[in-house]
Every structure is written in structure tokens, then in C-alpha cells.
Amino acid sequence: MELFLTNSKTKRVRGYGTVCLTYNTVWSYRSLYRIIGEFEKDCEQWTYLDSFDKNMSENFTRHLKLYREYSDNHTGQLLKLLKVVLRDAQKSGHTIHPYSHYIEVFRQKKSDRIIHILNPEEIKKIKNLSGISGRIRDSYNWLLIGLSIGQRVSDLLSLSPSQIRQAPGWLYIDMLQQKTGRHVTVGVSDPMVIDIIKYDFPRYISQVIFILDIKVICKLAGINGLVNGYKNNPSRRRKELVMAPKYEFITSHIMRRSFASNYLGEIETPLLMNITGHVKENNFLT
């Protein structure tokens, strides 16, 4: 795993045809490395490339799911990364256990997922807010821009005025998506958002601050109806299903989901996918 991480900058990214694993992907592999070390301590035995037979694989899955109480999605993602590392080792000439190819990867059932969006009426409430100033004003402006362009927060918060092109009644934003490496151009027609971009372009803020601020903004806008969702329990450091005011479940990804959901049927799906950068239609529709 140390060798795998050392070579992360020259690893090919499957599905995109690019080279160099992203920071978040490398972080995930480092997390797996740490967790395997903890697993070794708990089961009081070393793990090797040829250790992951059916028994060891099931023990590791139980460790993740039952002992550490990770979610189905997180457990499945760690098992997926483990298989990638083992297959990479085999390509390098090392011996791995044949069962490694059959380690079962899983995710949360679609029926158990709870996805929140901001509908047009709620977005209107946010636009009608007044008296917002200071740092939260920048988050407010970023939020309205994000709801109009459907990009990931990493791409949104890295925007600069140099990426803006003007046209009569419209603005165009050109960007290179950090995750996919795709060039995307998005048209903005909302008059309020155009004014923000032209006359009140927000300053850079961190993603952590932005996520905290948009919860406050949505609370001020009265987006407080009770809904179900998953929230982190600080004492257990795990997510639990609870009912709470909707603003508490607001995250940065809600901009992207709201954009796709609100414009679905209004704009042709291939065009929407071109804007969001989705490759597979089933992922986009989910």
C-alpha cells in the first residue's frame, strides 16, 4: 500500500482516461491503510497480499460494518479500494489469494437513500432575504450562483471573474471540472445571479465555512419544515436517521442536485448532463 500511494501521481484514472489520483482519492486510500492497521491490532495478526481468503475477507467486512459501525456505502467503498490495491499488486507480480477477486462490494439500497433538494419556492425564499452582510454575504452569493450552474462545490468556489464571458442578457462561465477533467460551459440567465457575478462577485471562502453558512442562510429563509435525513451523532461519530428541520440537512451538494432536479424536463437531458459532467444517464437520473 505504501508503494501504491507513492505511485498515485502516475496511476491511470479509470473511466476518465487521465493520470494522477485526486487528493480525495489518495486520502481514501490512506484511510484504508490506517483502518487495515487497526484491523491487524484488533485481530492480533498480520495481513498479507495473499491473506484475503474468504474467511479473512468476511472478518474484515464484519470489522468495518459491525465493530466500527461504518455505513453500507463507506464499508463498500473501502472494500472496493482494497480490491484495487490487491489487483495492482498482482499486476506487479505479487501473489494474491484467488478469493480477492470475489470480495463482495456493496452500497446502501436506493430505497434507503434520502436526497434533499431546494425546490423553486424555497430558492425564491432565499432570494427574498435582505440585510445579509459580512462573510455570510459571500456564502449567500456563492449559493445563488451554485444553484444556477449545477457544479461541484470545489469547482464553484474556485471560480474567478476571468472565467466569465458576457453576452446580451446572458453570462457564460467556462470551467475545467476538477474531478472529471472535463471542460464545461454554463449559461446563466437569472437576472439576480447575473448582477451578483457582474457587480458583487463573492470572495473565496473555504468549503467548511461555506457549508456552515448555507445552513444558517436556509434557516433565515424559513426552510425549516421537518424532514427525515441522516445526521452525524457526535458521541458515536456515525450517521443516524433522524427527523429534523430541513435546513439542518443542507450540504454543498444540494446546489448540484437542485439544479439537475429543477431543470429536468425543462432542458434536454443530454444538455443537462453536459453541464453537470455526468457520463452515465442512470447516475444522472439517480
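Read-outs throughout are calculated quantities, based only on the coordinates presented, and are distinct from any laboratory measurement. Model, not experiment: these values are computed from the prediction. A quick note on method: Cβ atoms are made from the backbone with ideal geometry, for glycine too, and the neighbour counts reach across all protein chains shown.
Details
- Rg/Rh for segment 120-285 (Cα atoms only, Rh after Kirkwood) is 0.96.
- Kirkwood radius, segment 183-247, all distinct C-alpha pairs, inverse of mean reciprocal distance: 15.0 Å.
- Near F52, the amide H atoms lying under 5 Å from its own belong to H97; only residues 5 or more places off or on other chains count, and H is placed 1.01 Å from N.
- Kirkwood hydrodynamic radius of segment 62-126, Cα pairs, Å: 14.8
- The chain: translational diffusion in µm²/s, Stokes-Einstein, Kirkwood Rh over Cα pairs, 4 °C, 1.567 mPa s: 60
- For segment 17-174, the dipole from Cβ point charges (+1 on Lys and Arg, -1 on Asp and Glu) about the Cα centre works out to 520 debye, to the nearest 20.
- Simple Cβ-charge dipole of segment 2-110, Lys/Arg +1 and Asp/Glu -1, about Cα centre, in debye nearest 20: 660
- Size of segment 116-210 as Cα extents on the principal axes (Å, biggest first): 36, 34, 27
- In a reduced charge model with +1 at each Lys and Arg Cβ and -1 at each Asp and Glu Cβ, the chain shows a dipole moment near 140 debye about its Cα centre.
- Straightening the chain between Y204 and V279 buys 24.1 nm, computed as 0.36 nm per residue apart minus the Cα-Cα spacing.
- Tilt relative to the chain, helix 135-149 - C-alpha long axis, 0 to 90 degrees, to 10: 80
- Using alpha-carbon coordinates, inclination of helix 207-220 to the longest axis of the chain, degrees: 50
- Which of H101, F52, Q166, positive extreme of dipole for the chain (C-beta unit charges): F52
- FRET efficiency for W170 and S71, using Cβ-Cβ distance with R0 set to 30 Å, rounded to 0.05: 0.10
- Secondary structure note: in the chain, about 95% of the DSSP beta bridges are antiparallel.
- Considering every alpha-carbon pair of segment 215-286, the percent of pairs per 5 Å bin, from zero through the bin containing the longest distance, is 3, 14, 19, 17, 14, 16, 12, 3, 1, 0.
- Ranked R256, R236, criterion: other C-beta atoms within 10 Å, fewest first: R236, R256
- Across segment 2-110, Cα-Cα distances exceeding 24 Å account for 24% of all pairs.
- Each residue of segment 65-73 was assigned a 3J(HN,Hα) from its phi angle through the Karplus curve 6.51 cos²θ - 1.76 cosθ + 1.60 (θ = phi - 60°); the sequence is 7, 9, 6, 8, 6, 6, 5, 4, 5 Hz, with glycine and proline shown as x.
- Residue-wise HN-Hα couplings along segment 88-102, as the Karplus relation 6.51 cos²θ - 1.76 cosθ + 1.60 with θ = phi - 60° gives them from phi, are 5, 5, 5, 5, 7, x, 7, 8, 10, 6, x, 5, 3, 6, 10 Hz; Gly and Pro carry x.
- Close amide H partners of V13, meaning residues 5 or more places away or on another chain with modelled amide H under 5 Å apart, are T18, V19, C20.
- Sorted ascending by nearby beta carbons within 10 Å, beginning with the fewest, M243, M255 become M243, M255.
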